[in-house]
Amino acid sequence: MVDPYVPSHGSTDYQVESYELDLDYRVSSNRLTGKATITAFATQALSRISLDLSGLRVSKVAVNGRRPQRYAHRAGKLHITPATAIPDGAEFTVDVQYNGNPKPEDSPWGELGWEELTEGVIVASQPSGAATWFPCNDHPGDKAHYRISITTDSPYQVVANGRLVSRRVKASRTTWVFDQAAPMATYLATVQIGRYDEVDLAAAPVTIRGVLPGGRIREFRHDFGRQQDMMKLFCRQFGPYPFGGYTVVVTDDALEIPLEAQGISVFGSNHLDGRRGSERLVAHELAHQWFGNSLTPSNWQHIWLNEGFACYAEWLWSEESRGLTADQQVAKAHTRLKGLPQDLMLSDPGPELMFDDRLYKRGAITLHVLRKHLGDEAFFELLRTWTKEHRHGSVTTAEFIALAARFSPDEEALRHLFAAWLDSYELPPLPRKR
């Protein structure tokens, strides 16, 4: 079904296998010209194909290499009637040529998608901004392979998801080609463009690099210098890092919050202060590579599986780096939550509250309560099994509960635990220390 949290986006009539995006972008005029080739298979007989695309003009469409009977583009939807209907289960391709001046899309969660910086571009699409720069099936549960080619002015560095396959300079323009083999949700696809330098931070256990303005490298090496230690901790606790490498982009502009994309995190210049003042956010964004990017929610109802886990990773890093222990972080967060409205249900927060800080903190506390119930050995084995069994997949709360039951010595107590913390509005008391 269409995600009820974002009902105007996405389709369950088909599943995408791959996106091939060939983009040409002029930074000075914010002009994007694109061609998208989408390969998908029908989950039912299709007489019409609907894609999400907003703020850009469509110039040409083909289905399986043929002109469609007709197409209409309005209200952020591209509706295509193919010349012949597509049978249930059949593979098909859609080619869309488009152009325009991309801009963020207004949403209940602020402006989302392709956004101009002072010099360059940032793309931040969670949960529904991907359609501002390419035609897509904008649903978190539809993950696909991506090949992204971007041609832009040569002084600019480009970062996109996956492995850099080639970089070709021709006259004053450079074409960058990236391949993301691991399945990826649309909201995690990104392009970052700026006048950046590149810094290598670590080669093991995972290649970590920074891409940022040259004048901020010294601060960056200090403020992000413990990422290798975070990576080692999270690989030990969560299982192997799920992608080929990890890139941190720091824009020359300030950003209200950092942003995660698959294999990439994006921070603003304000997150560099030379004092590691944003280190909890550095840990949070790194943890999203497991929880959110490799394991992606089947729909947005299950967002606590992203944010609760990433918030708990902050507390695990705090404990590891000799800051507050996880117990202390939980007690502090619980005290604060008790004084706030009790109108959030973690298992179904609704679109209005899906990014509420209470969801992050209550999700993290839930994991800590589960840890106390299972014991450390079983709890971290549960997390490693969770990331292994669902690697590069789509997940639900029910699947996590079912897996946790395999590790629990007392299934009835576990059921009560999840019912209290996930399915009720009222914040439960913390369990008494044994």
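Values quoted throughout were computed directly from the atomic coordinates according to the rules given, and no laboratory measurement underlies them. Computed from a predicted model, the values in this text were never measured in an experiment. Neighbour counts are summed over all protein chains in view; Cβ atoms, including those assigned to glycine, are modelled from backbone coordinates with ideal geometry.
Data for the structure
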| item | result |
| --- | --- |
| Residues with amide H under 5 Å from that of I264, placed H, sequence gap 5 or more | T247 |
| Whole-number percent relative contact order across the chain, with pairs defined as alpha carbons under 8 Å at least 6 apart | 12 percent |
| Projected-area average for the chain over all orientations - Cα convex hull basis, square nanometres | 20.9 nm² |
| Spin-label pair N101/E411, simplified geometry with 7 Å Cα→Cβ offset, distance in nm | 6.2 nm |
| FRET efficiency, 1/(1 + (r/R0)^6) with R0 41 Å, evaluated for S28 and A398 via beta carbons | 0.25 |
| Under 5 Å, built H, 5+ apart or other chain: amide partners of G393 | T296 |
| Residues whose placed amide H lies under 5 Å from that of Y196, excluding near-sequence neighbours | Q157 |
| Residue-by-residue Karplus 3J(HN,Hα) for the range 222-228, coefficients 6.51, -1.76, 1.60, Hz, glycine and proline x | 7, 5, 10, x, 9, 4, 4 |
| Kirkwood-type radius of the range 197-289, with distances r between different C-alpha atoms, in Å | 13.0 Å |
| Simple spin-label estimate for R209 and E319 in nanometres, 7 Å along Cα-Cβ | 3.5 nm |
| In degrees, nearest ten, helix 411-422 long axis to first principal axis of the chain (Cα) | 60 degrees |
| Gained length - S59 relative to T12, 0.36 nm times residue gap less alpha-carbon distance | 14.4 nm |
| Förster radius 45 Å - calculated FRET efficiency between D153 and H222 (Cβ-Cβ, nearest 0.05) | 0.90 |
| Relative contact order of the range 197-289, defined on C-alpha pairs under 8 angstrom at six or more residues apart (%) | 29 percent |
| Karplus-derived 3J(HN,Hα), 6.51/-1.76/1.60, for each residue of the range 245-251, Hz, glycine and proline x | x, 9, 10, 10, 9, 10, 7 |
| Relative frequency of Cα-Cα separations exceeding 21 Å in the range 297-422, percent | 38 percent |
| The chain, helix-only ellipticity at 222 nm - DSSP H runs n ≥ 4, -39,500 (n - 2.57), divided by all residues, nearest 500 | -8000 deg cm²/dmol |
| Simple label model, 7 Å out from Cα along Cβ direction - T118 to T385, nm | 5.1 nm |
| Between 0 and 90°, nearest 10: helix 376-389 axis offset from the chain longest Cα axis | 20 degrees |
| Alpha-carbon centroid distance for the pair the range 250-273 / the range 361-413, whole angstrom | 30 Å |
| Gain in span if fully extended, V169 to R195, counting 0.36 nm per residue against the direct Cα distance | 7.8 nm |
| Residues D52, D253 arranged by fewest to most Cβ contacts within 10 Å | D253, D52 |
| Local electrostatic count at R322 - Lys and Arg +1, Asp and Glu -1, tallied over other residues with Cβ under 12 Å | -2 |
| Between 0 and 90°, nearest 10: helix 326-338 axis offset from the chain longest Cα axis | 80 degrees |
